[in-house]
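First the structure, in the form of structure tokens, and then the observations on it.
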Amino acid sequence: MSEALIQHKPHKHLRTEAIPTDPLKTKIVLVGNPNVGKSVVFNYLSGLYVDVSNFPGTTVEVSKATYLHYELYDTPGIYGVSSFNDEERVARDIILNGDIILNIVDAVHLERDLFLTQQLIDMGKRVGLIVNMLDEAKRQRVAIDLHRLEEELGIPVVGTIATKKKGLEGIHELIVQAREGKQSRSLHAELHGMLSTVGSQSEAMLVLEGDEVVAKRHGVAAADVSRREEIYIDRRNRVNKVLQRVVTDIETGKRIASVFGRWSVNPILGFPILAVILYALYFFVGVFVAQDVVNFTETTIGRNFVEFHIKSWVAQHAATLVTVDILDADGEVTETGSFRFDEGTRNDYDRWAAVRDFPQGRDAEFTFTYDNPWLTLFFGEFGAVTMTLTYLLFLLLPLVLGFYFALSILEDSGYLPRLATLVDRMLRYIGLNGRAVIPLILGFGCVTMATITTRLLGSQREKTIATTILQLAIPCSAQLGVIAALLATAGMVATLIYTAVIFSFLVLVGSVMNRSLPGETSPLLIDLPRMRLPQLDNVVKKTLYKTWFFMKEASPWFFVGALTVGILQVTGALVWIMDAMEPLVVNWLQLPREAATAFVMGLVRRDFGAAGLYHLGLDPFQTVAALVTITLFVPCVASLMVMLKERGPREGMIIWVGSLILALTIGGLVSQALI
Amino acid sequence: MAKGTRGRIERLPGGEIRSHFIRIGLVEGAIISCMEKLPGGTIVLEFSRQEVALSGDLARSIEVSQI
């Protein structure tokens, strides 16, 4: 057999693709299947400074770092180099552009992972192989002859236990030693025939495997699908032969799945397990972070300290009306004092000191009203600067950190794919597959965050459906808090009606979209990795990356949103909109006219909208009608902006206007039926 | 395929999904066992130390002979 394989000398064939690179630096690319420990190796090599960015033209994140004098790239987890989805397309281009490929494989899943290894070798790349998770292989009684593997593949190999930092020191030598491996002779000859037209062996390989994107770049026709299958089958057979010589099952037939892993996809035990996990999640994010932590950061740090100091600094220089509300233990206003400073507090320092002492240790709320509309726009009640700052840093940041922390634990434990399996059938009714459970759960945290996460879904159709449901029917945590409080006063019946209406509407919209949108739901085909205890350092690192990425992506939109509403307020357009909505609110929704304010304020922050309903003295049924409307009503401006970016302006506007109309229609119908 | 049974793959569906099956090692002739079957047909397969979940409709497109 080894006569049929040749060892090949390196030859130059580089093409620069979309991502900006330093042409003088050697590029190392980390490649591997999902869940093989790639990120641990990347973190080990990269140190502190990592540049995470979107790959141009896609929404796939690519991490780039420096290792010694090399440029180091991380790629999304893939099962092979081709163009089946966005992750693969991104990984493909980075691989084509790389000089040295570090391929990481899971020692237990060599049969699956070595297919990618062999493909990289067939592409004529310089490859070094990291066989990770040797401890797990040992536990499962699988013996792997790494020297033999090195011989069979013709590339250097190191064995590691990345999570325990074992063997990682060997990676440097691997980079130096990385070379082209053994390729099949017939294939190699065929590839060389194409070199003159395509330019590199790697790309010739992909053209031969029917990769239309690469073929188009070179103006050649991609080979037929049947040719790809031939090559794949041949490669699969070669891999299996290598495995026969390298891997020995010391003990066969040993059951591998952990008990918990099996229970979590069991139709009877799976749902109780899910309920326990959701309850823990609710307790951690919904109670601990959203209430205890956020109360402290938002009110104590954000509003009473940061905003207060910014606003009083502005008040030093500008004509200002300062209103002080003294609050009792229930948050009710017991006493109010108004103080005018025509030339700013700077010129009347003694009186300003008296105003600050006015509460005399009682709880108080300071409101600054500026004469200058520009100051109102940036520093007023809904000031683009002050409100955005508090909202982003002291409300959203702790929430997003909490959510991503919980999600990273679930992700690293291996539970999420099992959850996707468990709920796959149910989500199919609304045109989604099991994977969509992740953005849908995230939506209860922050719809903006969840809308970005819809990227992990397989098709445009699924992204559209998931985004619509998120924007329409999933209340975010900020809103949920207020909704829960209002429903608590409205009683059990109101709560049941509210939940039933929202839930059945969600199912209805999903199934209508499922039937009317062209195409079919992509089938679920998901790898269930071993359940394992998450590594804290990895979880923390992941949480920080994701949070940073989200804040970077979403922050400008929160600012734009606040600015938009600020302009509406300063120009008087806000009042005009509320007046225009009044007949609809009073006659159709049968709510007091002030409810219109709540709806419009819901645009800035969804919880503002719901909070505006507190003092309207609604009866239980009015509460239901108002809450249904406000839940379905337009999402906050930031999530709207992110949606426009993710789904494109046209589709985004359709979803937005559609949700407006639907919210008012359904809210009105509920109102007419109940009242 | 019922829960707890083993089988040999006789035929795989065509297209991209077939290429993916070949990549992960699900080829004609491979021996698989059914770890779990959920109402609605979603199925968990075990083969060569891997566990993979498939939607019901995808699972039904694979022909398997019992062994």
Using the Kirkwood formula on alpha carbons, the hydrodynamic radius of the range A:41-169 in angstrom works out to 15.6
Normalised contact order of the range B:20-67, rounded percent, pairs of Cα under 8 Å and 6 or more residues apart: 23
Dipole of the protein assembly as shown (Lys/Arg Cβ +1, Asp/Glu Cβ -1, origin at the Cα centre): which of A:Leu440, B:Ser55, A:Gly652 lies farthest to the positive side? B:Ser55
Identify all aspartates and glutamates with a Cα-Cα distance to A:Lys165 below 13 Å; exclude those on the same chain that are fewer than 8 residues away in sequence. A:Asp135, A:Asp537
Could you tell me, in Å, what Rg and Dmax come out for the Cα atoms of the range A:378-484? 15.6, 50
Spelling out what I want: for every residue of the range A:193-210, take phi, set θ = phi - 60°, compute 6.51 cos²θ - 1.76 cosθ + 1.60 (Karplus), and round to whole Hz; glycine and proline get x. x, 8, 3, 5, 8, 9, x, 9, 5, 4, 6, 4, 4, 5, 4, 5, 8, x
Using only the alpha-carbon atoms, how far is helix A:595-604 inclined from the longest principal axis of chain A? Give it as 0 to 90 degrees, nearest 10. 40
What is the calculated FRET efficiency for A:Ala189 to A:Ser459, with r their C-beta to C-beta distance and R₀ = 35 Å, to the nearest 0.05? 0.35
Ranked from highest to lowest mean number of other Cβ atoms within 10 Å per residue, what is the order of the peptides A:388-396, A:336-344, A:483-491, A:101-109? A:101-109, A:388-396, A:483-491, A:336-344
Antiparallel DSSP beta bridges within chain A, as percent of all bridges there, nearest 5: 60
Between the helical axis of A:620-632 and the dominant principal axis of chain A, each derived from Cα atoms, what acute angle in degrees is found, rounded to the nearest 10? 40
HN-Hα J in Hz across the range A:660-667 - Karplus 6.51, -1.76, 1.60, θ = phi - 60°, x for Gly and Pro: 4, 5, 4, 4, 5, 5, 5, x
Applying a 10 Å radius around every beta-carbon, put A:199-210, A:521-532, A:138-149 in order of their mean neighbour count, most first. A:199-210, A:521-532, A:138-149
Kirkwood-Stokes translational diffusion coefficient of chain B, alpha-carbon pairs, 37 °C, 0.692 mPa s, µm²/s: 279
Here the relative contact order (percent) of the range A:564-675, from C-alpha pairs under 8 Å and at least 6 apart, is 26
Treating the beta-carbon of each Lys and Arg as +1 and of each Asp and Glu as -1, no other charges, what is the dipole magnitude of the range A:274-390 about its Cα centre, to the nearest 20 debye? 360
Once you've got the Cα coordinates, tell me which of A:Lys38/A:Lys182; A:Lys64/A:Lys182; A:Lys27/A:Lys166; A:Lys164/A:Lys541; A:Lys38/A:Lys138 are over 27 Å apart. A:Lys64/A:Lys182
Please give every one of the aspartates and glutamates within straight-line cross-link reach of A:Lys463, meaning a C-alpha to C-alpha distance under 12 Å, and leave out same-chain neighbours fewer than 8 residues apart. A:Glu646, A:Glu651
What is the average number of partner chain Cβ atoms found within 10 Å of a Cβ in B:38-46? 6
In nm, to one decimal, how far is the modelled label at A:Ile268 from the one at A:Ala280, with both set 7 Å along Cα→Cβ? 2.3
Can you classify the range A:24-249 as rounded, prolate or oblate using the Cα gyration tensor, where a ≥ b ≥ c are the square roots of its eigenvalues, rounded means a/c under 1.5, and otherwise it's prolate if a/b beats b/c and oblate if not? oblate
For the range A:391-674, evaluate the Debye formula with one uniform point scatterer on each Cα (no solvent term) and list log10 I(q)/I(0) at q = 0.13, 0.14 Å⁻¹, rounded to two decimals. -0.91, -1.05
Could you tell me what fraction of 2.2 N^0.38 Å the Cα radius of gyration of chain A comes to, as a two-decimal ratio? 1.13
Express the C-alpha Rg of the range A:274-390 as a ratio against the empirical globular expectation 2.2 N^0.38 Å, rounded to two decimals. 1.31
Computed magnitude of the charge dipole of chain A (debye, nearest 20; Cβ of K, R +1, Cβ of D, E -1): 2100
Of A:Gln118, A:Ile95, A:Ala137, farthest towards positive along the dipole that unit charges on Lys, Arg, Asp, Glu beta carbons give the range A:90-154: A:Ala137
Could you work out, residue by residue across B:6-15, how many beta carbons of other chains sit within 10 Å of that residue's beta carbon, and then give the average as an integer? 1
To the nearest 20 Debye, how big is the dipole of the range B:6-66 about its Cα centre, given +1 on the beta carbon of each Lys and Arg and -1 on that of each Asp and Glu? 100
Straight-distance crosslink candidates among lysines, where the alpha carbon sits under 30 Å from A:Lys311 and sequence neighbours closer than 8 are dropped: A:Lys552
Could you tell me which of A:Thr489, A:Asn587, A:Gly519 has its Cα farthest along the dipole of the protein assembly as shown towards the positive end, charges placed at Cβ (Lys, Arg +1; Asp, Glu -1), taken about the Cα centre? A:Gly519
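Just so you know, all these numbers are worked out from the coordinates, no wet-lab data involved. Quick caveat, the model's predicted, so the values are computed rather than measured. No Cβ is skipped: glycine too gets one built from the backbone with ideal geometry, and neighbour counts run over all protein chains shown.
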